[in-house]
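Novice: Sharing a structure, written as structure tokens. Questions coming.
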Amino acid sequence: MGDLFKDILMDDETIFKDESILDYKFIPYKMPERDKEIKIIADYLKPLFHKRRGSNVFIYGMPGLGKTASARFVFQELKEASGNEVVPIYINCWENQTTHTMALEIARKTGMLYPPKGVPTDEIISNAFKKLRDKGVVICLDEVDKVKDVNIIYSLLKLDSVSVLLVTNNPKYKTYLEPRLISRLNLNNLEFKPYTTREMKNIIKRRAEQAFRQGVVSDKVIHEVSINSETDVRRAITILLEAGRRAEQDASRKILLKHVNEVLGKMTDSLPKKLNSHEEKIVKIIKNNKGIISGDAYKKYKEKHGGKLSIRSFRRYINRLEKQGLIKTKETGEGFQGRSRRLEPGNGV
């Protein structure tokens, strides 16, 4: 083929080397930007190797900062190091919000399968714990703020050799727990702080090198993805994946800046599908009025949309949006009982 057509991708060719690298569930082979946090988690779990009770950890930070990936990375290393002596159990609480569904998941991880209905929750937990009785156990409750009933945590703490990892985007989640449970857990705090610009570029570059063929992703593209990712790795890999697919649609052997910008244009005004109509409207008000006081935001909502939404329901939606990392709040100490808050958009909004 002549040089005039060397940049055209043929029908049977692909620019991807391994597209699964850009799946949000993929666990990287190495995470140097989170070495410190990974070591801290591992140190908290070491007593489990000696059948002693490990430490419980409250892991928090904004979305896309490697909380889940770090916990699962530690779990992989734990399996290799301990054989079957320490059992890691990961539970996504967005998918398993009730005590019953979490009990089913714990049982499944111990090799016991139950139908979704028909077997009492207490029986499932009891049978699972019998299999775990002589083991060290570490259970990660990811997105724990989605849990509807925290009684499962009390049950977990009955195990002799156990560590519980509570993972959330919401740094205030602990304040919603009963003081009795907080006392029982005796949580160690571990904050995942935002990546620096250099760290983001390094993460994106490693993913790009593993996911695409050589020469597909330029330094300019990496820079553009980085500055538009707002320190959110999940957002960054989504941009990379979609830009790669657009490049292939154009039969291009390289991802160009125009492919990245097309993806960004599509993402800019998108909102998570799990929001209801009230929440979508509230997010848009905060996005267009950064730093607005909560009372003023409620007034704007009523002026623009009317309806019967009460101030109490409005506050409940604000709390829910904060838990999801879609908005950030800061108490001003003003207003009724000092409950007024300043509202800002969260990462990626």
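The values are calculated or read from the model by the stated rules, or taken from the named source; none is laboratory data. All of these numbers come straight from a predicted model, not from anything done at the bench. With ideal geometry, Cβ positions are generated from the backbone for all residues, glycine too; neighbour counts draw on all protein chains shown.
Novice: Residue under question is residue 134, and the condition is that it be farther than 16 Å from residue 68 by Cβ, of a type in the set (Asp, Glu), assigned to a loop (DSSP other than H, G, I, E, B) and assigned by TED's automatic domain parsing to the domain that holds residue 65; does it hold?
Specialist: Numbers: farther than 16 Å from residue 68 by Cβ: yes; of a type in the set (Asp, Glu): yes; assigned to a loop (DSSP other than H, G, I, E, B): yes; assigned by TED's automatic domain parsing to the domain that holds residue 65: yes.
In short, yes.
Novice: Which residues, counting only those in region 182-217, are without any contact (Cβ under 8 Å) to a residue 12 or more places away in the chain and basic (Lys, Arg)?
Specialist: 198
Novice: A further question on this structure: Among the residues of region 212-259, write down those that are buried (at least 22 other Cβ atoms within 10 Å of the Cβ), small (Gly, Ala, Ser) and more than 21 Å from residue 345 (Cβ to Cβ).
Specialist: Those that are buried (at least 22 other Cβ atoms within 10 Å of the Cβ), small (Gly, Ala, Ser) and more than 21 Å from residue 345 (Cβ to Cβ): 243, 244, 247.
Novice: Only one of (1) within 26 Å of residue 341 (Cβ to Cβ); (2) modelled with pLDDT of 90 or more; (3) surrounded by fewer than 17 Cβ atoms within 10 Å (Cβ to Cβ) fails for residue 271. Which number is that?
Specialist: Among (1) within 26 Å of residue 341 (Cβ to Cβ); (2) modelled with pLDDT of 90 or more; (3) surrounded by fewer than 17 Cβ atoms within 10 Å (Cβ to Cβ), residue 271 violates only (2).
Novice: Given (1) surrounded by 13 or more Cβ atoms within 10 Å (Cβ to Cβ); (2) at pLDDT 80 or above; (3) of a type in the set (Ser, Thr, Tyr), identify the lone condition not met by residue 332.
Specialist: The single condition residue 332 does not satisfy is (2).
Novice: Given 152, 91, 124, which one is at pLDDT 90 or above and farther than 28 Å from residue 234 by Cα?
Specialist: Among 152, 91, 124, only 124 is at pLDDT 90 or above and farther than 28 Å from residue 234 by Cα.
Novice: Could you list, in sequence order, all residues of region 84-104 that are out of contact with any Phe, Trp or Tyr (no Cβ under 9 Å at 6 or more places or on another chain) and in a helix (DSSP H, G or I)? Spell out the reasoning first.
Specialist: Looking only at region 84-104, we keep the residues that are out of contact with any Phe, Trp or Tyr (no Cβ under 9 Å at 6 or more places or on another chain), and these are 84, 87, 91-102.
Across region 84-104, the qualifying residues are 99, 100, 101, 102.
Novice: Taking region 119-164 only, how many residues are more than 22 Å from the chain's Cα centre (by Cα) and among the charged types (D, E, K, R)?
Specialist: Number satisfying all stated conditions: 9.
Novice: Does residue 49 satisfy being under 24 Å from residue 188 (Cα atoms), in contact with a strand residue (DSSP E or B) (Cβ under 8 Å, 6 or more places away or on another chain) and aromatic (Phe, Trp, Tyr)?
Specialist: yes
Novice: Would you please name the residue that is nearest to the chain's Cα centre (by Cα), looking only at residues in region 48-84 that are farther than 30 Å from residue 175 by Cβ and of a type in the set (S, T, N, Q)?
Specialist: Applying the filter and picking the extreme gives 76.
Novice: Turning to a different aspect of this structure: Can you name the number of the only condition in (1) surrounded by fewer than 22 Cβ atoms within 10 Å (Cβ to Cβ); (2) assigned to a helix (DSSP H, G or I) that residue 70 fails?
Specialist: (1)
Novice: Given the criteria in contact with a Phe, Trp or Tyr (Cβ under 7 Å, 6 or more places away or on another chain), crowded, with 17+ Cβ neighbours inside 10 Å and either touching a residue at least 12 places away in the same chain (Cβ under 8 Å) or not in a loop (DSSP other than H, G, I, E, B) (or both), does residue 281 qualify? Steps first, please.
Specialist: Values: in contact with a Phe, Trp or Tyr (Cβ under 7 Å, 6 or more places away or on another chain): yes; crowded, with 17+ Cβ neighbours inside 10 Å: yes; either touching a residue at least 12 places away in the same chain (Cβ under 8 Å) or not in a loop (DSSP other than H, G, I, E, B) (or both): yes.
Against the criterion (in contact with a Phe, Trp or Tyr (Cβ under 7 Å, 6 or more places away or on another chain), crowded, with 17+ Cβ neighbours inside 10 Å and either touching a residue at least 12 places away in the same chain (Cβ under 8 Å) or not in a loop (DSSP other than H, G, I, E, B) (or both)), residue 281 qualifies.
Novice: Right, here's the next one. Filter region 221-265 for residues that are charged (D, E, K, R) and not in a helix (DSSP H, G or I); which is modelled with the highest pLDDT?
Specialist: Looking at residues that are charged (D, E, K, R) and not in a helix (DSSP H, G or I), I get 254.
Novice: Criterion first (crowded, with 20+ Cβ neighbours inside 10 Å and free of Cβ contacts under 8 Å to residues at least 12 places away in the same chain) does residue 96 satisfy it?
Specialist: Judged against the criteria, residue 96 is a match.
Novice: Across region 54-79, what is the number of residues that are modelled with pLDDT under 90 and basic (Lys, Arg)?
Specialist: So the answer is 1.
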